[in-house]
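Written below as structure tokens is the structure these notes are about.
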Amino acid sequence: MYIINNIGFFMKNEFQNKLIYRSWHRGTKELDLILGNFIENNISSMKEEEIKLYEELLASEDPEIYNWIVKLENSPNKSLDILIKKIRSYLQSNNIDVLN
């Protein structure tokens, strides 16, 4: 959801800004680039269920997330695997080369 401020610009709501911030500040540069780019460019089109899954992903440890996305390991949650595939697809389609 976007909010129009008094000047007429669109602003992301506070919740979305927090997700974006958390995605760009993971602790490893690789995950900062992977998750930061993905969420910044996709959050406005994500459904509520996807946002909840994304929050679950962010609650995981960095090495796990990295292995799920880059090393193609399966997460313990099949629904989360769908989101991870979406992240991989985004990376590939935007030539963000972290999957090799």
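Just so it is clear, none of the values below were taken in a lab; they were calculated from the coordinates. Just so it is clear, the structure is predicted and the values come from calculations on it, not from any experiment. A quick note on method: Cβ atoms are made from the backbone with ideal geometry, for glycine too, and the neighbour counts reach across all protein chains shown.
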Exercise for the section: Return the subset of LYS18/LYS86; LYS29/LYS78; LYS47/LYS86 for which the Cα-Cα distance in this structure is over 23 Å, preserving the input order. Expected result: LYS29/LYS78
Exercise for the section: Of the options LEU57, ILE43, LEU83, report the single residue whose Cα projects farthest towards the positive end of the charge dipole of the chain (beta-carbon charges: Lys, Arg +1; Asp, Glu -1). Expected result: ILE43
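Assign unit charges at the C-beta atoms only (+1 for Lys and Arg, -1 for Asp and Glu), then state the dipole size of the chain relative to its Cα centre in Debye, rounded to the nearest 20. Walk me through the numbers before you get to the answer.
On the way: 12 positive and 15 negative charges, 40 e Å.
Computed charge dipole of the chain: roughly 200 debye.
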Handout entry: Spin-label model distance (nm) - ASN94 vs THR28, 7 Å beyond Cα toward Cβ
Key = 1.9 nm
Practice task
Name the residues whose placed amide hydrogens come within less than 5 Å of the amide hydrogen of SER60, ignoring near sequence neighbours (fewer than 5 apart) on the same chain.
Solution key: none
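Taking a ≥ b ≥ c as the square roots of the Cα gyration tensor eigenvalues, with a/c under 1.5 meaning rounded and otherwise prolate when a/b beats b/c, else oblate, which class fits the stretch 14-93?
Details: a/c = 1.38, a/b = 1.17, b/c = 1.18.
Rounded is the answer for the stretch 14-93, as its axis ratio a/c remains below 1.5.
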Completion exercise
Projected onto the charge dipole of the chain (unit charges on the beta-carbon of Lys, Arg, Asp and Glu, signs +1, +1, -1, -1), the Cα from LEU33, ILE96, ASN74 with the largest positive-side position is that of ILE96
